[in-house]
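Below is one structure; the comments refer to it alone.
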């Protein structure tokens, strides 16, 4: 009998504690919602709202001045025969191939280097992230000066070593590679910090155990580091894909899609169609195409990496 009274008393106390915590949790939820409200408002007004409006406008003809007129899927049909749109897709994919592998490999190696205990590693981490925090337009102007055919610092040293000046941004065979170098330089530090965070999350006991077992550094890297970095790698690859496919600022400042259409990417062509040719409907249709391509690429990437949810 006493055991029943004791158990019922404990149950009553637990119930009272639960009741006492409910108002606290509810108030915490309200406070959290209050802090999230400004961000959600900005997100809906400046991100989600324009995106939904863009999808709707892609089925219309609109020159910003007149009224919208619904034309169905004519804008998407036009893409099938638009050679500039085809060129922008090819350039975007080439640009993606030029930037993704170096960004992943170099940032992983750099993160592994900065993860070691050594003097000045914190300074090195700060220096690595500086290019990413610079305004993209400023980055484009800096590299325009460095790439200058006559007065650029790169051609200065090339000539000093007996070579001939390279037309970095005016040669259609070199321009896209030149811009890709700038993007790698800009995003390398950001990806390095992400990989560094992933490396620091790996338990040190695993490395100590592999050292006791006689594993080499390469074996440790391949058998421990890479598998445990798979979730981080998936995130970095996804972010890099989004950043490269949506790239606009540096290309606009450095080449404006030229020479010819050699650096014309999808987002650059979107801007040209919508805000220079005043074809908002067609520009919005290109926006939808960019979104579809991104979704497909991310889906393929997730299938290839096969990141486990439990990792």
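So residue 72 fits all but one of (1) modelled with pLDDT of 90 or more; (2) in contact with a helix residue (DSSP H, G or I) (Cβ under 9 Å, 6 or more places away or on another chain); (3) surrounded by fewer than 11 Cβ atoms within 10 Å (Cβ to Cβ); what number is the exception?
Looking at each condition in turn, residue 72 falls short on (2).
Return yes or no: is residue 199 in contact with a helix residue (DSSP H, G or I) (Cβ under 8 Å, 6 or more places away or on another chain), over 30 Å from residue 266 (Cα atoms), assigned to a helix (DSSP H, G or I) and in contact (Cβ under 8 Å) with a residue 24 or more places away in the chain?
For residue 199, the condition - in contact with a helix residue (DSSP H, G or I) (Cβ under 8 Å, 6 or more places away or on another chain), over 30 Å from residue 266 (Cα atoms), assigned to a helix (DSSP H, G or I) and in contact (Cβ under 8 Å) with a residue 24 or more places away in the chain - is met.
Per-residue answers, yes or no, for (1) more than 30 Å from residue 61 (Cβ to Cβ); (2) within 14 Å of the chain's Cα centre (by Cα); (3) crowded, with 19+ Cβ neighbours inside 10 Å; (4) in contact (Cβ under 8 Å) with a residue 60 or more places away in the chain:
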{"site": "250", "(1), (2), (3), (4)": "yes, no, yes, yes"}
{"site": "259", "(1), (2), (3), (4)": "yes, no, no, yes"}
{"site": "264", "(1), (2), (3), (4)": "no, no, yes, yes"}
{"site": "274", "(1), (2), (3), (4)": "no, no, yes, no"}
{"site": "277", "(1), (2), (3), (4)": "no, no, no, no"}
{"site": "281", "(1), (2), (3), (4)": "no, no, yes, yes"}
{"site": "293", "(1), (2), (3), (4)": "no, no, no, yes"}
{"site": "299", "(1), (2), (3), (4)": "yes, no, no, no"}
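Go through (1) closer than 30 Å to residue 185 by Cβ; (2) surrounded by 11 or more Cβ atoms within 10 Å (Cβ to Cβ) one by one and return the number of the condition residue 77 breaks.
(1)
Say whether the condition of being more than 20 Å from residue 143 (Cβ to Cβ), within 17 Å of the chain's Cα centre (by Cα) and surrounded by 16 or more Cβ atoms within 10 Å (Cβ to Cβ) is met by at least one residue in the range 240-247.
Yes - at least one qualifying residue is present in the range 240-247.
From the list 236, 290, 307, 253, exactly one residue is modelled with pLDDT under 90 and touching a helix residue (DSSP H, G or I) at 6+ places or on another chain (Cβ under 6 Å). Which is it?
307
Can you tell me which of 156, 195 is modelled with pLDDT of 90 or more and closer than 20 Å to residue 117 by Cβ?
195
Going by the conditions given, is residue 58 in contact with a helix residue (DSSP H, G or I) (Cβ under 7 Å, 6 or more places away or on another chain) and either within 19 Å of residue 282 (Cα to Cα) or modelled with pLDDT under 90 (or both)?
When the stated conditions are applied, residue 58 passes them.
Looking at residue 83, is it surrounded by fewer than 12 Cβ atoms within 10 Å (Cβ to Cβ) and touching a strand residue (DSSP E or B) at 6+ places or on another chain (Cβ under 9 Å)?
no
The values are calculated or read from the model by the stated rules, or taken from the named source; none is laboratory data. Keep in mind that this is a model prediction, so the values were computed, not measured. Ideal geometry is used to build each Cβ from the backbone, glycine not excepted, and the neighbour counts take in all protein chains shown.
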